[in-house]
Amino acid sequence: MKLIKYVLLVLFAVSVSYSQFDKTIIQVGIGITEPFGSTSKGTYYSNYTLGNYSVLGIDSNFMRNNYGLKTGFGFFGKAKFNFDKYAITRGVLFAGFNTFNTFEPSKSGNIGVQVININNQIDTLLTSVNYTYSFNSFSFGLGFELAPISFTSKFSPYFNANLAFNMLNGRLSRTENRVDSVTTSFSDFRIGVNFDAGMEFKISKQFGLALGVKYDLGNLLLKNTNSGLADAIEWGKSNGSLNDEEGRFYSTIYGPVLTSVRREVRSQKKDINWGTIYISANIYLEKQKPTKKKK
């Protein structure tokens, strides 16, 4: 982490030292975010058969083979510093937030619960259950951009590539009988890259619009799976791992019956990738030239 902070500080200082501050651009945007690859396969829930009943539980592939992500929203801000007087080459600093499963409603059904009956025997009863699931990413980083015909001052395509530092986290909640709620959450820091392309339209000297597409490779570096018993994914625990590397981990959240017995499962390597279509507002910050005093 100290090395990352040092690299960011040096690159920011370089961009500030050599940029044309009279042509700095602030870009603020919103977009529709779509997960891709193993990130988007499957769902977090599944229908099971328990005796003669249909029950709702957590799918056995969730977090093992996929994260069950669906469409969401993305929000971002960028500062672009020009490296030349024509504004063709630029340095970029950015921060963004993505939330997935925005349009996915909560899922309701029944679940099996083990009890010891009056005869001192283990029995399984049904109780109502409701599940909700969300997954977010917070990213910041820096990169380089080309805007080949920016000097026209009307419109210009742009292309950039960025190094991204991503905090990824998921939150899965279970509510029994509409009153008893517990949550399990998992989060990790990952390093990735993203690629961005779009078209800028300048409306005035101060304002403009941009339409673009962006693709994130969110966890290229630092993939890991925590295999210790203390790192088990279980209800009511809030420090679980993403488990995105091939390996084994323990969990208590799967199956048609709620249980506290840890189950060992095998995790596949998973890529957390997503694409975004966005619209943004551009604010052009131009340094005011000093006015000459009349004699």
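The values are calculated or read from the model by the stated rules, or taken from the named source; none is laboratory data. These numbers come from a predicted model, not from an experiment. Don't worry about glycine lacking a Cβ; one is built from the backbone with ideal geometry, like all the others, and counts go over all protein chains shown.
Report the residue count in segment 146-180 for those that are closer than 24 Å to GLY91 by Cβ and assigned to a strand (DSSP E or B).
Quick first cut of segment 146-180, residues closer than 24 Å to GLY91 by Cβ only: 146-167.
Next cut, assigned to a strand (DSSP E or B) only: 146, 155-167.
Number of matching residues: 14.
Could you grab me the full set of residues in segment 196-253 that are over 30 Å from GLY91 (Cα atoms) and β-branched (Val, Ile, Thr)?
Filtering segment 196-253 down to residues over 30 Å from GLY91 (Cα atoms) leaves 224-253.
Matches in segment 196-253: THR225, ILE233, THR252, ILE253.
Can you name every residue in segment 142-180 that is exposed (fewer than 15 other Cβ atoms within 10 Å of the Cβ) and either of a type in the set (S, T, N, Q) or within 20 Å of LYS107 (Cα to Cα) (or both)?
THR152, SER153, ASN177, ARG178, VAL179, ASP180
From the list ASP216, ASP244, ASP188, pick out the single residue that is within 25 Å of PRO35 (Cβ to Cβ), in contact (Cβ under 8 Å) with a residue 60 or more places away in the chain and among the charged types (D, E, K, R). Explain how you work it out, then say what you get.
Working: ASP244 fails: in contact (Cβ under 8 Å) with a residue 60 or more places away in the chain; ASP188 fails: in contact (Cβ under 8 Å) with a residue 60 or more places away in the chain.
When all the criteria are applied, what remains is ASP216.
Read through the list (1) touching a residue at least 40 places away in the same chain (Cβ under 8 Å); (2) out of contact with any Leu (no Cβ under 7 Å at 6 or more places or on another chain), then give the number of the only condition that LEU168 fails.
(2)
What pairs come up if the first residue lies in segment 261-284 and is within 17 Å of PHE94 (Cα to Cα), the second is of a type in the set (Asp, Glu) and surrounded by fewer than 21 Cβ atoms within 10 Å (Cβ to Cβ), and their beta carbons are under 6 Å apart, counting only those six or more places apart or on different chains?
From segment 261-284, the pairs are GLY275/GLU34.
Check ILE30, ILE25 and return the single one that is within 27 Å of GLY91 (Cβ to Cβ), at pLDDT 50 or above and out of contact with any Lys or Arg (no Cβ under 6 Å at 6 or more places or on another chain).
Details: ILE25 fails: out of contact with any Lys or Arg (no Cβ under 6 Å at 6 or more places or on another chain).
Of ILE30, ILE25, the one residue that is within 27 Å of GLY91 (Cβ to Cβ), at pLDDT 50 or above and out of contact with any Lys or Arg (no Cβ under 6 Å at 6 or more places or on another chain) is ILE30.
Residue by residue through segment 236-288, note down the ones that are more than 30 Å from GLY212 (Cα to Cα), under 22 Å from the mean Cα position of the chain (by Cα) and among the small types (Gly, Ala, Ser).
Those that are more than 30 Å from GLY212 (Cα to Cα), under 22 Å from the mean Cα position of the chain (by Cα) and among the small types (Gly, Ala, Ser): SER238, GLY240, SER241, SER267.
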